1. In whole Å, what is the distance between the alpha-carbon centres of the stretch 66-103 and the stretch 10-41?
2. Round to the nearest 10 and give me the degree value, 0 to 90, for the angle of helix 9-23's Cα axis relative to the longest principal axis of the chain.
3. Contact order normalised by length for the chain, with contacts defined as Cα pairs under 8 Å and 6 or more residues apart; what percent is it?
4. For P(r) over Cα pairs in 5 Å bins from 0, in percent, which listed value, [x] 2, 12, 18, 19, 17, 12, 9, 6, 3, 1, 0; [y] 2, 8, 8, 9, 8, 8, 8, 7, 6, 6, 5, 5, 4, 4, 3, 4, 3, 1; [z] 2, 12, 19, 20, 19, 15, 9, 3, 0, comes from the coordinates shown?
5. If each residue of separation counts as 0.36 nm, what is the full-extension length gain between residue 91 and residue 71 once their alpha-carbon separation is subtracted?
6. Tell me, what is the percent relative contact order of the stretch 1-50, built from C-alpha pairs under 8 Å that lie six or more residues apart?
7. Using C-alpha positions alone, give me the convex hull volume of the stretch 51-111 per residue in cubic angstrom.
8. Going by alpha carbons, how many degrees (0 to 90, nearest 10) lie between the helix axis of 29-42 and the longest principal axis of the chain?
């Protein structure tokens, strides 16, 4: 698989996970800042970001029908719209994505 596509929300979610790891003492503050800096530098080089407004209505529909957060539904909506695989470890999100004929990415897809 070459490159990836996502919504801009990915950056905030990744940064949030890094901050949580720092708060739990899993990583040091300097590693957190280095990771966020690297993420900012690399964003857009191998990931094409899409505006959430492109898929807002379909995201809300999926969230309502599947009892998901809009945050989880937006990734399903984007994958369905672009006909691309979804990379997720969230069982509920994966089950919902399959209802919309979204392929789930496998680790071998990245080799």
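FYI, it's all coordinate maths here, none of it is from the lab. None of these values were measured; they are calculated from a predicted model.
1. Between the Cα centre of the stretch 66-103 and that of the stretch 10-41, the gap is 25 Å.
2. 40
3. Working: 102 pairs, mean separation 27.4, N = 111.
Relative contact order, the chain: 25 percent.
4. Given [x] 2, 12, 18, 19, 17, 12, 9, 6, 3, 1, 0; [y] 2, 8, 8, 9, 8, 8, 8, 7, 6, 6, 5, 5, 4, 4, 3, 4, 3, 1; [z] 2, 12, 19, 20, 19, 15, 9, 3, 0, the calculated one carries the label [z].
5. On the way: separation 20, 0.36 × 20 = 7.20 nm, distance 1.48 nm.
Difference between extended and current length: 5.7 nm.
6. Details: 27 pairs, mean separation 34.1, N = 50.
About 68 percent, as a whole number.
7. Numbers: hull volume 4.7 nm³, N = 61.
Expressed per residue, the convex hull around the Cα atoms of the stretch 51-111 is 77 Å³.
8. 50
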